[in-house]
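K.L.:
First the structure, then my questions, so here it is.
The values are calculated or read from the model by the stated rules, or taken from the named source; none is laboratory data. The structure displayed is predicted, hence computed values, not measured ones. Positions of Cβ are backbone-derived with ideal geometry, glycine not excepted, and every protein chain shown enters the neighbour counts.
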Amino acid sequence: MTSERCAACGRESVDARVESAHYTSEGIVRYRQCACGRRWVDVARFAVVAGHDGLPWSGPN
Ligand SMILES: [Zn+2]
């Protein structure tokens, strides 16, 4: 179980706002911005997502 956190303030990355998301052949690229203002790029590869706990991929939030 991996839980990403903001490097600046320690908030859970799941709380970060998704500014935009792009689907690529590699996976989903999401540009996130934390409440503290820090931005980063989050890449979710399909191979990893599909294998997560054996659950089917249900799409982005
Ligand atoms: Zn933050």
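K.L.:
List the pairs whose first member sits in the range 6-32 and is on the phi < 0 side of the Ramachandran plot and aliphatic (A, V, I, L, M), whose second member is part of a helix (DSSP H, G or I) and away from the ligand (no atom under 16 Å from the Cβ), and whose Cβ atoms are under 9 Å apart, counting only residues at least 6 apart or on separate chains?
P.N.:
As it stands, the answer is I28/F46; I28/V49, since those pairs meet every condition given.
K.L.:
Collect the residues in the range 16-61 that are part of a strand (DSSP E or B), away from the ligand (no atom under 14 Å from the Cβ), under 17 Å from E4 (Cα atoms) and at pLDDT below 90, keeping them in residue-number order.
P.N.:
V43, A44, R45
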